[in-house]
Structures are given as C-alpha cells and as structure tokens.
Amino acid sequence: MPAPDSPSVKPTNPPPGVPKELRVGWRRFTLVVTTLLVAMLLAASGGALFIAGGFYDISVTAQHTQPVYSLLETTMAHSVKRRARELSPPPPLGAEPQVQRGAICYRDKCQQCHGGPGVAQGEIGLSMQPLPGPLVDAAARWDARELYWITREGIKMSGMPAWRYRLSNDDLWAVVAFLQRLPQLNPQQFQAVLAASAASCAATPVDELNAAPDAERGKLALHQHACTACHIIPGLAGARVHVGPPLEGLARRQLIAGAVPNTPEQLVRWIRDPHAIDPHTAMPALGVSESSARDMAAYLATLR
C-alpha cells in the first residue's frame, strides 16, 4: 500500500497551497464526503431493488405504517397552511342562506366519503386508504382559509378531489360555512338541514368569459378534466395510455378529428361538444366551461 503522502494517492491529496498542518483535516473531509457518496449510492441501489422487486404492498387493504401515515399527515398540514395563508374569506361568512347552500353541496359532494353526525361514510369512502374521516371536527383543526384551500385544490395521495372546476367560488365558501356549523349539529339536526332543500349542488364553476385565454390555466384544466386518462400530453405527467391519440404536435395538424380546420374556435368547439363535430367519436363531452376550453386550446396551441 502506498504511503499517505505518495503521489499515487491523488484523491486524498489536498489542493496546492494547503498548509501541511491542514492536510489531516483535508483527508478527514474527503473521507466524510466519500462515505456519504457511497452511502447515497447504496441507498439508491437498495431503493431501486425494493421497487423493482415489488416488495411494497400498494393495495388499499394494506395499512400504512403509523410513521408513514404521520409523515404524510404532517407534510399535508404544513403544505396547506403555507398555501392558504394569503387567502381572505369573503365577508360575511356563515349567513344562514350560505350555510344551507353549503349543506346541499356537502350532501351531494362530501357525505359519500366523509359521512356526518350519525351517518357513516359511503362504501367508496369506507374502502379508501387513508380513510377520509368525519369532518365534524374539521373547523377545530383548520381555519376558514385552509378549509377553502383544501376543498378547492384537493390533496394528493389521499383521494380528496379538487373541486375548483366543479363548484363555483361561492359554493366553495358555502361548504366552508357549513363545515364551521357542522360541530354544532346533532344527528337529528344534521338530517334536518340536509333535507331542508330538494335543490342539488350542480356543477357551476366560475366561467371568466372576459379573461384572455391562458395556457398555464389550460394545462391545469386539461389535467383536472382527466384528459391524460386517454391522451399522452407533453408537459403533463401521466401513464403511457393508448386510448386516444397522443397530442404532441397538435398545433401543426391541419384538421381536428379529420373533420374541421384546426383553429382555436374549432378546437374549443371540439373540446366542449365533440359529438357535434363527429357523432361517432369515442371522445366524451366533459362538461368543460367556455373559458376553460379556451384555456385548454391555448395550451394545446403550444404543442408544436
């Protein structure tokens, strides 16, 4: 083995000009860095083998370990608080008509997963992992801004959907108002407030018709309308699906669905009502609003 000061041991030699008394510190430093790099390489290799071997059970019936559950929950809590802190509830929040509207939306959109006082979750909610628990105590754990953000944006890896493209802004705040009232309701009062109206919480998202088309909003709208379930779309993460054609290079195509010229107006029309252009298409009508369709068309126009 060569001596420590041998020229052949170049990786541990200090840079030129380092005083002799610092050489021991330099060698310790390089040893620590080398050890960390080796440890990282071993960890990455072990992780790759763990994934490739299929050792992690992704089934819903397999419980998260408590450390994993706590890590996800803590990460979620800090993320929500960070992103919701700039929001401002519209005054007044909690008027009786608003609470009643929120009750209708809760009944139609939330109860199936979260249940209520005296009411268990539906079979979908009961079968999810992590379990979408009751929201009776939600107002004690989250303030109004945070409840609004969660309802509007959803939570990754939890099954909680984003309602921003399904409910109007007023309805989102109405749900928050009802959640703040929920702890005060006993089972009988809960059933009474849900039965007080036969109206439904129809999908009425905000439709900013006067807003200029925006490609970034369109990118989000494409994802939120599940376009990646059938199409590979550049710039959007998703599975390698083969249901519909890939949308790469869409802006260069002359025709839409082989039927109409590829113009922004026709693309918006196709997105909103594909069967009006091709009655035999498998492309479904997704209930896309006018403004969201224009945003989506703006993003698709960037795919050259």
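The values are calculated or read from the model by the stated rules, or taken from the named source; none is laboratory data. The shown structure was predicted, so the numbers you read here are calculated from the model rather than taken from an experiment. Glycine gets a Cβ as well: all are built from the backbone with ideal geometry, and neighbour counts include every protein chain shown. Keep in mind that these areas ignore ligands, DNA and RNA; they rest on the heavy atoms of the full protein, side chains included. Shrake-Rupley method; radii C 1.70, N 1.55, O 1.52, S 1.80 Å.
Numbers below:
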{"quantity": "Length added when fully stretched, residue 211-residue 263, from 0.36 nm per residue minus Cα-Cα", "calculated": "16.8 nm"}
{"quantity": "Extreme residue, positive dipole direction of the chain, given options 35, 149, 46 (C-beta unit charges)", "calculated": "35"}
{"quantity": "Potential extension, residue 40-residue 62 segment - 0.36 nm per residue separation minus Cα distance", "calculated": "5.0 nm"}
{"quantity": "Gyration tensor (alpha-carbon) shape descriptor, segment 131-279, a/c threshold 1.5", "calculated": "prolate"}
{"quantity": "Potential lengthening between residue 240 and residue 86 on full extension [0.36 nm per residue; Cα-Cα distance subtracted]", "calculated": "51.7 nm"}
{"quantity": "The chain - Cys residues lacking any other Cys C-beta under 4.7 Å", "calculated": "110, 113, 227, 230"}
{"quantity": "Average accessible surface area per residue within the chain, 1.4 Å rolling probe, Å²", "calculated": "62"}
{"quantity": "Whole-percent carbon and sulfur share, accessible surface of segment 127-189, 1.4 Å", "calculated": "53"}
{"quantity": "Overall form of segment 228-302 per C-alpha gyration tensor (a/c, 1.5; a/b vs b/c)", "calculated": "rounded"}
{"quantity": "Size of electric dipole in the chain: Cβ of Lys, Arg +1 and of Asp, Glu -1, about Cα centre, debye, nearest 20", "calculated": "980"}
{"quantity": "Qualifying GluC sites (Glu not before Pro) for segment 195-304 [loop in DSSP, other Cβ within 10 Å: at most 15]", "calculated": "208, 248"}
